[in-house]
Amino acid sequence: MNTEKSELLYERAMECIPGGVNSPVRAFRSVGRTPLFIDRAKGSRIYDADGNEFIDYVGSWGPAILGHAREEVIEAVTKACEKGLTYGAPTENEVILAELISELMPPMEMIRLVSSGTEAVMSAIRVARGYTKRDMIIKFRGCYHGHSDGLLVKAGSAALTTAVPDSAGVPAAYTQNTLVADYNDTASVEKLFEQYGKQIAAIIVEPVAANMGVVPPKEGFLSFLRRITEEYESLLIFDEVITGFRLSLGGAAQYFQVKPDLITLGKIVGGGMPIGAYGGRRELMEKVSPLGDVYQAGTLSGNPIATTAGITTLNILKNTPRIYEELEKKADKLARTFREASKGRIWVNQIASILSPFFTSLPAVNYENVITSDVKKYASYFNYLLEKGIYVAPAQFEAMFLSDAHSEEDIKVTCEIIREFFNQCE
Ligand code: PMP
């Protein structure tokens, strides 16, 4: 594969951008090669600066559920651009998007739009603390909730493979109210509540952990979190930045039939443009400024182009019920292929249209087991697939995302290459 242009771009990038990238996982560090610089993407395909073509299973880390550059979305965005890029004033689009989110996700009775998942989570936690007048929160080891100071504790995603679980530059005082429990381990949560009880404002959880690779909740885990938060009058926050509109139209809350107090969104809700959203029960959201005393603001919040992409994407998902069923079938086919081809040498988790092959023989049902994965083996899997035209996450502890644009042929070709990889490993 010729990667001359990517290499030249990387050299230039290294001079003016830390690590040459604007988000760490893009640097391809844990797979030991130069990152590919992307030129364009269409449907299920992504093309690098040298013109190499790949079937893409990163999907911009989740937003591209309809595939890249879906015509209806591009058309709507192009039209919206002609009307100006930002006004810093309310628009009808913001109301339409908020109404649509509420309709699809009933726990979100009122919604605030922001510009990223990080902001959405940071703000939802502020609401939870403002409402309960308590300071502590519980997060889970290996769950990632964006890069705000108080949440960079035992975070997942790139923070796992770069072995920097905590970040420099975060004063200890900022994280002293962040308690850490183990995902899928009810006893670890009970213990924290017994000790800190009524100081805990909220539990924040990825209802399906997807930043230590995909780890679905054990039966009853989410309803346990609902019960214990109610018992201690704390709030339950579902971070649905990945699962929102991905597990189902109503996200994880609908999929698992557990109703959180607050939900955070990002990725799909912006249809490929930068948006985040947080929302929940009316009485909680009425705490947000200017109605209430929890301050939160944003120059580009509810941006007209981003809301246009979001509305168009959500409407397509809403009006095309076949999509979720088909997505799941495609993901299931890949998961089965991984299991068969690896003959038990790896562990595979799949739920709806996200999946992860873990290069460990232990069941990847919790953080402790997940981190036994052999990242070197993952790197050789990644590099093999890339050379054969398949673009998967350049790190073990991430998800593989299916889109409506992946054709049967795409899946077939991918399955063949996965089989080839495991055969040549034997
Ligand atoms: N929460 C979850 C569950 C995420 O996966 C991410 C990003 N991958 C975030 C929050 C942060 O979102 P953003 O990168 O848009 O700030």
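Taken together, the values in this text are just the output of simple stated rules run on the coordinates, not laboratory data. Remember, it's a predicted structure, so these values are computed and weren't measured experimentally. Glycine also receives a Cβ, built like all others from the backbone with ideal geometry; neighbour counts cover every protein chain displayed.
For the chain, with a Gaussian network of springs between Cα atoms less than 10 Å apart, report the residue from Val269, Val21, Val180 with the top mean-square fluctuation.
Among Val269, Val21, Val180, the largest mean-square fluctuation in the Gaussian network model of the chain belongs to Val21.
Can you give the convex hull volume per residue for the Cα atoms of region 71-319, as a whole number of Å³? Mind showing how you got there, number by number?
Numbers: hull volume 31.7 nm³, N = 249.
Hull volume over Cα atoms, normalised by residue count, gives 127 Å³.
Would you mind ranking Val294, Val215 so that the residue whose beta carbon has the fewest other beta carbons within 10 Å leads the list?
Exposure proxy ranking, most exposed first: Val294, Val215.
What is the Å³ per residue value for the convex hull set by the Cα atoms of region 1-130?
For region 1-130, the hull spanned by Cα atoms encloses 190 Å³ per residue.
Of all the Cα-Cα pairs you can form in region 243-375, what percent are over 23 Å apart? All intermediate terms of the calculation are to be shown ahead of the outcome.
On the way: 4590 of 8778 pairs.
So the portion of pairs separated by more than 23 Å is 52 percent.
Most exposed first by the Cβ proxy, i.e. fewest other Cβ within 10 Å, how do Phe421, Phe397, Phe338 rank? List each step's numbers first, then the result.
Numbers: Phe421 20, Phe397 30, Phe338 25.
Fewest-to-most ranking of Phe421, Phe397, Phe338: Phe421, Phe338, Phe397.
What number, rounded to the nearest 500 deg cm²/dmol, is the helix-based mean residue ellipticity at 222 nm of the chain, given -39500 (n - 2.57) per DSSP H run of at least four residues and division by all its residues? Working shown, then result.
Numbers: 15 runs with 166 residues, N = 426.
About -12000 deg cm²/dmol.
Among Ala76, Ala120, Ala89, whose mean-square fluctuation peaks in a Gaussian network model of the chain (Cα, cutoff 10 Å)?
Sorting by GNM fluctuation, first place goes to Ala89.
Given a 10 angstrom Cα cut-off, can you work out which residue in Gly20, Gly271, Gly130 is the most mobile in a GNM of the chain?
Of Gly20, Gly271, Gly130, the most mobile in the Gaussian network model is Gly20.
By DSSP, what percent of the beta bridges with both residues in the chain are antiparallel, rounded to the nearest 5?
Counting DSSP beta bridges with both partners in the chain, the antiparallel share is about 60 percent.
Any idea how far the Cα center of region 215-236 sits from the one of region 364-424, in Å?
After rounding, the separation between the Cα centres reads 32 Å.
If you rank Lys191, Lys287 by fewest surrounding Cβ atoms within 10 Å, what's the result?
Lys191, Lys287
What's the extension gain from Lys218 to Asp135 if we count 0.36 nm per residue and subtract their Cα-Cα distance? Please list the in-between numbers first.
Values: separation 83, 0.36 × 83 = 29.88 nm, distance 2.81 nm.
Extending this stretch completely gives an extra 27.1 nm.
Dimensions of region 157-295 along principal axes (Cα, Å, largest first)?
Dimensions of region 157-295 along the principal axes of its Cα atoms: 40, 39, 37 Å.
What fraction of the Cα pairs in the chain, stated in percent, has a spacing above 39 angstrom?
Details: 14545 of 90525 pairs.
When all Cα pairs of the chain are counted, 16 percent exceed 39 Å.
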